[in-house]
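Undergrad: Dropping a structure here in structure tokens format, bear with me for questions.
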Amino acid sequence: MLDYVRLLEANNAIQTIGDDTYWLCVTRTVQESKLFPVPSYMLLSYLCCYYRYPELLRKIEGRMRAEEIGDRARAMGGKFGSVSTWAMPTFFLLGREMLINFGMLSPEDGAEDVAYVLDFWRRFKLSYQREDGHLNAREFGQRCQPLPERRIQRFHADLHRCATGDRLHTAAQAFLATVSQYGFLVSCESRCTLNNSGPYKLADDREMIVREFTDLSQGDYPWLDGIGDSVPYNNLTVTMEATGCHFYLMDDWGSFESRPEFTADALSGIGLYTSDCLSDGYVPVGMGSTEELAATFESLTETIRQATVALWKRMAGWSRDQMMDGGALVYFSFIKDFAHIAGVYDPEDWMKIDARADRFRPLLNDQFGRDFLGEMVGLVSLPSQQLSEYAMMQHNDRPVRYISHIPYNVLDRTGSGESLSPIGAGVSHLPEKSGGYRTSEGMLALEEYNRRAAANCPVQMEPGLRNLCDTSIKYASGSDEAVARLYADERKHSPALQDAPVRLSREEVEGRRR
């Protein structure tokens, strides 16, 4: 039920998300493609988000609360980081803004749905980032540090040293370039398969960032059937130690900047892991020795290179409608892993264009897509975005507002107010999903994947352990059995830390590195 407090919180979220998004848009380069109609498919995705997110998020919460998903997500790779959870409310709100300007909505329409989506986002984000205590990177001065100390210690201790010119360094750099290019193509020439977080300070002159690569294998995207199945991992996490540079920016798009610039020569340590909602934490990949890790990077690079070539050939034959569908589905399904973790994933929910959004496809040609998107997210010049001449927007001082607030007089109306109709059959010009889903437990049919995800209870979610944060551990006694169990579970795959006491200084962790 929408009340005054929830409405105040919703409008606060709308305002802060809008301020953050404007800054992100004007401080980053324009995303363009010679192959995909990127602005047009982005607009189509926003409409899908508006029409589908309220119902799909309620379906997810019928099995698992947003805050529990946040707690679980801290312990795994997947689309849970800053970029996907910035996208969730932003894309939904931009779809709403489009419809307001098309004259098909008023700002008060669907107020309960809007408040619910923003409430879900806030609960997930506060839970996911409970260790750093911020709602997003913007609040943290463009920094994101969601991991607890025990995981940072493990990543630190497991890092394999490397230096320019050695086999591991060369193999790691080749892998990072190849997997980035592959992920860019998988996500229809966008950055939706990559996220970065951090930095974490390892020493006065060294910092660590964590890079997540997702949707690499056969799984949710139907265009990877028969191509991605050769890639042995769907999610890969790369931990990277940089010497001699400071990462002063790690924003809500997962982009980073450093002083001096982070170049290949600065990479001095690296690790590799896989994880998902079945793995109960990060599982090392090829981390038994420096030689094994180098060989693993080399093998993955060649496998992914071949998959990239095959995917290029497939996409080169797509029609414009197929390219529109693929890009829109990548953007719209940014939060599909919420459904996976809750065990309620259905490709009919996430891999189809909503029919209500599809009505606008004839309007979304290249010229309209480019110009309307630019007006909405860059120029902020749409009619709905104009304010009183006395107002001054953050970052540009013009009398505009990025995203329309919900008017407070909705509280005076009687009845429940209008809400979106149920999701109907979706539309797709792409082949239907076929085959299995790559997981940490092998290739699974969807029904079995959902069953195992719903039944899974990671150690950190057990009673007595879920609420052990860094602050509670800091004040716990040295003999606390729950703390010892939590640390033992974290270190079960780390030879450097398996016999270590719970309490370690950063220098002691450094001393245990191989």
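The values are calculated or read from the model by the stated rules, or taken from the named source; none is laboratory data. Computed from a predicted model, the values in this text were never measured in an experiment. Positions of Cβ are generated from backbone atoms using ideal geometry, with glycine treated the same way; all protein chains shown enter the neighbour counts.
Undergrad: Have a look at Pro422, Pro501 and point out the one that is in contact (Cβ under 8 Å) with a residue 24 or more places away in the chain, assigned to a loop (DSSP other than H, G, I, E, B) and exposed (fewer than 12 other Cβ atoms within 10 Å of the Cβ).
TA: The match here is Pro422.
Undergrad: In the stretch 268-292, what count of residues is obtained for those that are over 26 Å from Phe80 (Cα atoms) and either in contact with a helix residue (DSSP H, G or I) (Cβ under 7 Å, 6 or more places away or on another chain) or crowded, with 18+ Cβ neighbours inside 10 Å (or both)?
TA: Residues that pass the stated criteria total 2.
Undergrad: Being surrounded by fewer than 21 Cβ atoms within 10 Å (Cβ to Cβ), of a type in the set (Asp, Glu) and in contact with a strand residue (DSSP E or B) (Cβ under 7 Å, 6 or more places away or on another chain): is that true of Asp265 here?
TA: On the way: surrounded by fewer than 21 Cβ atoms within 10 Å (Cβ to Cβ): yes; of a type in the set (Asp, Glu): yes; in contact with a strand residue (DSSP E or B) (Cβ under 7 Å, 6 or more places away or on another chain): no.
It is false that Asp265 is surrounded by fewer than 21 Cβ atoms within 10 Å (Cβ to Cβ), of a type in the set (Asp, Glu) and in contact with a strand residue (DSSP E or B) (Cβ under 7 Å, 6 or more places away or on another chain).
Undergrad: Glu55 is checked against (1) farther than 16 Å from Phe332 by Cα; (2) in contact (Cβ under 8 Å) with a residue 12 or more places away in the chain; (3) surrounded by fewer than 22 Cβ atoms within 10 Å (Cβ to Cβ) and fails just one. What number does that condition carry?
TA: (1)
Undergrad: Return a yes/no flag: does the stretch 300-314 have any residue that is acidic (Asp, Glu) and surrounded by fewer than 19 Cβ atoms within 10 Å (Cβ to Cβ). Talk me through it step by step, then tell me what you get.
TA: Looking only at the stretch 300-314, we keep the residues that are acidic (Asp, Glu), and these are 302.
Next, only the ones that are surrounded by fewer than 19 Cβ atoms within 10 Å (Cβ to Cβ) stay: 302.
Yes, the stretch 300-314 has at least one match.
Undergrad: What residue, of Arg466, Arg485, Arg451, is without any contact (Cβ under 8 Å) to a residue 40 or more places away in the chain and either of a type outside the set (S, T, N, Q) or part of a helix (DSSP H, G or I) (or both)?
TA: Values: Arg466 fails: without any contact (Cβ under 8 Å) to a residue 40 or more places away in the chain; Arg451 fails: without any contact (Cβ under 8 Å) to a residue 40 or more places away in the chain.
Result of the check over Arg466, Arg485, Arg451: Arg485.
Undergrad: Now a separate question. State which residue is farthest from Ile406 (Cα to Cα) when the search covers only the stretch 36-54 and only residues that are within 20 Å of the chain's Cα centre (by Cα) and among the aromatic types (Phe, Trp, Tyr).
TA: Applying the filter and picking the extreme gives Tyr41.
Undergrad: A follow-up question, please. From the residues in the stretch 113-122 that are closer than 16 Å to Lys59 by Cα and charged (D, E, K, R), which one is surrounded by the most Cβ atoms within 10 Å (Cβ to Cβ)?
TA: Here the answer is Asp113.
Undergrad: (1) more than 30 Å from Ala453 (Cα to Cα); (2) over 27 Å from the mean Cα position of the chain (by Cα): which one isn't true of Ser421, the others all being true?
TA: That leaves (1) as the condition not met.
Undergrad: Now for a different question. Within the stretch 352-366, is even one residue under 22 Å from Val186 (Cα atoms) and either assigned to a helix (DSSP H, G or I) or touching a Leu at 6+ places or on another chain (Cβ under 6 Å) (or both)?
TA: yes
Undergrad: Here's something else I'd like to know. For the stretch 326-366: of the residues being of a type in the set (Val, Ile, Thr) and closer than 17 Å to Phe120 by Cβ, which is surrounded by the fewest Cβ atoms within 10 Å (Cβ to Cβ)? Quick ask: steps written out before the conclusion?
TA: Filtering the stretch 326-366 down to residues of a type in the set (Val, Ile, Thr) leaves 330, 335, 341, 344, 353.
Within this subset, residues satisfying the condition of being closer than 17 Å to Phe120 by Cβ are 335, 341, 344.
Details: Ile335: 26, Ile341: 26, Val344: 19.
Looking at residues that are of a type in the set (Val, Ile, Thr) and closer than 17 Å to Phe120 by Cβ, I get Val344.
Undergrad: Please determine, by comparing only the residues of the stretch 1-35 that are surrounded by 15 or more Cβ atoms within 10 Å (Cβ to Cβ) and part of a loop (DSSP other than H, G, I, E, B), which one is farthest from the chain's Cα centre (by Cα).
TA: Looking at the filtered set, the residue picked out is Leu2.
Undergrad: For residues that are over 15 Å from Thr239 (Cα atoms) and either touching a Leu at 6+ places or on another chain (Cβ under 9 Å) or without any contact (Cβ under 8 Å) to a residue 12 or more places away in the chain (or both), tally how many sit in the stretch 264-288. Quick ask: steps written out before the conclusion?
TA: Let us first name the residues in the stretch 264-288 that are over 15 Å from Thr239 (Cα atoms), namely 265, 276-280, 288.
Okay, now just the ones that are also either touching a Leu at 6+ places or on another chain (Cβ under 9 Å) or without any contact (Cβ under 8 Å) to a residue 12 or more places away in the chain (or both), so 278, 288.
Final tally of qualifying residues: 2.
Undergrad: Out of all the residues in the stretch 166-185, is one or more modelled with pLDDT of 95 or more and assigned to a loop (DSSP other than H, G, I, E, B)? Break it down stepwise before answering.
TA: First, pick out the residues of the stretch 166-185 that are modelled with pLDDT of 95 or more: 166-185.
Narrowing further to those that are assigned to a loop (DSSP other than H, G, I, E, B): 166.
Yes, because at least one residue in the stretch 166-185 is modelled with pLDDT of 95 or more and assigned to a loop (DSSP other than H, G, I, E, B).
Undergrad: State yes or no: is Val231 of a type outside the set (D, E, K, R), within 27 Å of Ser440 (Cβ to Cβ) and under 18 Å from the mean Cα position of the chain (by Cα)?
TA: Working: of a type outside the set (D, E, K, R): yes; within 27 Å of Ser440 (Cβ to Cβ): yes; under 18 Å from the mean Cα position of the chain (by Cα): no.
The answer is no for Val231.
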